[in-house]
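Take a look at the structure below.
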């Protein structure tokens, strides 16, 4: 066992580092920014363009689409290296991670030529229009209708939880084309211009006060049939291509973690002693460290398999379900450690930094346990795909969509 | 990056699995459980000695096979999975390891070949009743070449020929080597929570003993020994956790209620998913600890404690929820669920309590200046 790069990996890492160090600032050396979302987007587009000009924009894509056909291990190495730098990458995660692959697989040659370079160069930002108020974990229950009208389709309905819809240029969309057949069989998939007439976007304010997501309303929105991805009625199959990518993309829930709690426990006191000396505190720190290290070491096993050209096992499926719950528990306990003062955000300095981190993580954690597959869905996936247990009984199986009980939720 | 066992090590794993499936099925473990006069499975012990397992970590110059710690981790995991009733842990992870780490040349030459050949079984005699052993609480004394005092529980103390005894000597605590078959030693089996891992009281009254390692360094040496043994115990626990999960999985698939397999109910699926999560975290932490052990990395104290704490939790979780998945039959003597449950508890305190390892873990974390954010 060793953690060394192979000679080829080391060479690749050096190349990545050379580009990054010449063009970006290390996170450790960066000063905090105070910028609007619009300013952030401009900075993100500039960074994406610079990467594209140097073939770092989407290295796992084939060369014809601006990538370099990188191996999964090279993609990981690039991700590790880029993560050390103060660069804005978030707006492109969904487009490059989920929309790009589905476009490359299903779009016409003409559309690929027109759309892909702009996506890769950061000119266009893409979003994913999947979830609906009545279709979350049971995504195939979606109701947004598409109806054929000459060479176009007319879309009516509502999507929800669309990250960045308000600054996106293009989106991928799954709709119901035939409600008279069972739910998975009546779906059709498109990509569309987010500036199309009839689209209304409303931000959703989360518990944390942030608004990272939107509701998107469709009123007689027209999409040319040429922008259909896959056959009519094959929308579920196309969706699965992107959902598989989503599970990989969500990954670890970031925020308050063991090092922050350890640091806090050294500074807080319990009955005149540093909190870190308290056995109850130590027991909790130990337990969360085991989870944190367990996820890191699981990631090492996956990377090791990739590095050796093997297919990784299913171990990584535990990542989000463990890290999101840990985020909630760690941030909850951090606030408890501050005792009565835990209720306040903090006045300034370290006190304010602690408040922002622990309050922010505490308020953000409930969302992490739901986004990208709820705790419950992820446990079903582990049970079914990893342990081989049977699916739960599905009472809507084989029943036409328009005859399935919908409830009032 | 290579964070996997090698092809050769995986061949060893397959060989180990074949041997244990044939020679130590659960029925053989049960035979030891059912018979209070049988402390371990002598046939399995002989078999694994013949395969060279008792000499895996011992260099060839001392009659061992001279493989290494990654190989030992592989065997520990398989022994844990099978629940084999042998004194392997006491003899190999504790006594052999103590000799390898602290023994003089003469002590190594005298004992290691016999431990490798399985002629001698070794153990560690530390505890003196309930509570966490500390220098201030130890009563067992060494003076003028001999030991006096009681040690209990001593794992495999009834069958071991050789013990590493932690005893007080004037102001300090040291480790001593003593033969349990000699004069001045009396021992008796004591009932334990897992009869397939026997426990004994060992009483010394003027038993001849010699210093192992440095005088007064008993507690430091114990720390070193525990950090190494914890990795091997964790692999046993991880193997046991995986086996208990697999037993629950198989049962749930075949058991029907309300007209369907109970494995299709989310209450059971989520339970099994949680067992898989606990078991996977422990397994991955064991890998890292195996790397740290095999390379003598400075990360060993943190890696060992992390593996140990998560493996304790995983085996407990999987063994108790395996019973729950089995429903009523799960808590009968007849069903095998109890053997995992008992073993999980025995291993969780055998090398010091979960709380003591959580404490060590956080101490190591505090010392780890290089903790990445």
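Readers should treat all values here as calculations from the given coordinates under stated rules, not as data from a laboratory. Just so it is clear, the structure is predicted and the values come from calculations on it, not from any experiment. Here the Cβ is made from the backbone with ideal geometry for all residues, glycine too, and neighbour counts use every protein chain on show.
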Based on DSSP H runs of at least 4 residues, each adding -39500 (n - 2.57), what is the mean residue ellipticity at 222 nm of chain A after dividing by all its residues, to the nearest 500 deg cm²/dmol?
-> -13500 deg cm²/dmol
Cα centroids of the range A:190-226 and the range A:255-273: how far apart, whole angstrom?
-> 43 Å
Given a cut-off of under 8 Å on Cα pairs at least six residues apart, what relative contact order in percent is computed for chain B?
-> 15 percent
Any chance you could check the Cα centroid distance between the range A:132-168 and the range B:110-137 for me, in angstrom?
-> 68 Å
Percentage relative contact order, chain A, counting C-alpha pairs under 8 Å, at least six apart = 12 percent
Report, as a whole number in µm² per second, the diffusion coefficient that Stokes-Einstein gives for the range A:126-233 at 4 °C and 1.567 mPa s using the Kirkwood radius over alpha carbon pairs.
-> 93 µm²/s
Relative contact order of the range A:7-88, pairs being alpha-carbon contacts under 8 Å that are 6 or more residues apart, as % | 42 percent
What spacing in nm lies between the two simple spin-label points modelled at residue B:130 and residue B:18, each 7 Å away from Cα in the Cβ direction?
-> 4.9 nm
Quickly work out the residue A:15-to-residue B:353 label distance, labels modelled 7 Å from Cα along the C-beta direction, and quote it in nm with one decimal.
-> 5.7 nm
If one takes the longest principal axis of the Cα atoms in chain A, at what angle in degrees, from 0 to 90 and to the nearest 10, does the Cα axis of helix A:258-267 lie?
-> 30 degrees
Extended-chain gain in nm, criterion 0.36 nm per residue less alpha-carbon gap, residue A:266 and residue A:110 | 50.1 nm
Length released on extending from residue A:148 to residue A:36, taking residue separation times 0.36 nm less the Cα-Cα span | 36.2 nm
Cα gyration tensor shape of the range A:7-88, rounded if a/c is under 1.5, else prolate or oblate by comparing a/b with b/c | oblate
Please give the helix B:266-294 orientation as an angle from the longest Cα principal axis of chain B, in degrees from 0 to 90, rounded to the nearest 10.
-> 30 degrees
Please work out, to two decimal places, the log10 of the ratio I(q)/I(0) at q = 0.20 Å⁻¹ from a Debye calculation in which every Cα of the range B:7-116 carries one identical scatterer.
-> -1.03
Expressed as a percent, the portion of alpha-carbon pairs in the protein assembly as shown spaced more than 45 Å apart is 35 percent
Mean per-residue count of partner chain Cβ within 10 Å for A:316-322 equals 3
Residue mean of other protein chain beta carbons inside 10 Å, B:304-313 | 4
Enter the mean number of other protein chain beta carbons within 10 Å of the beta carbon of each residue in A:369-382, as an integer.
-> 2
When you count, for each residue, the other Cβ atoms within 10 Å and take the mean per peptide, how do A:213-224, B:134-145, B:294-305, A:333-344 rank with the highest first?
-> B:294-305, A:213-224, A:333-344, B:134-145
GNM top mover of A:373, A:349, A:97 - chain A, alpha-carbon springs below 10 Å | A:349
Pull out the extension gain between residue A:28 and residue A:232, defined as 0.36 nm times the separation in residues minus the alpha carbon to alpha carbon distance; nm, one decimal.
-> 68.4 nm
Where in the range B:92-125 is the amide nitrogen less than 18 Å from a point lying 7 Å along the Cα-to-Cβ axis of residue B:214?
-> B:98-105
Between A:156, A:278, A:380, which gets the highest mean-square fluctuation from a Gaussian network model of chain A, Cα cutoff 10 Å?
-> A:278
Here, residue B:205 and residue A:118, labelled 7 Å along Cα→Cβ, have an inter-label distance in nm of 9.5 nm
Please identify, among B:226, B:40, B:265, the residue showing maximal mean-square fluctuation in a Gaussian network model of chain B using a 10 angstrom Cα cutoff.
-> B:265
Förster radius 56 Å - calculated FRET efficiency between residue B:266 and residue B:186 (Cβ-Cβ, nearest 0.05) | 0.50
Counting only backbone N atoms under 15 Å from a point 7 Å out along Cα-to-Cβ of residue B:297, the residues of the range B:30-73 in range are B:69-70
FRET efficiency for residue A:196 and residue B:256 from the Cβ-Cβ distance with R0 = 45 Å, rounded to 0.05, comes out at 0.30
Using the alpha-carbon centroid of each, what span in Å lies between the range B:145-209 and the range A:375-409?
-> 59 Å
Helix axis angle, A:279-307 relative to chain A longest principal axis, alpha carbon, degrees | 50 degrees
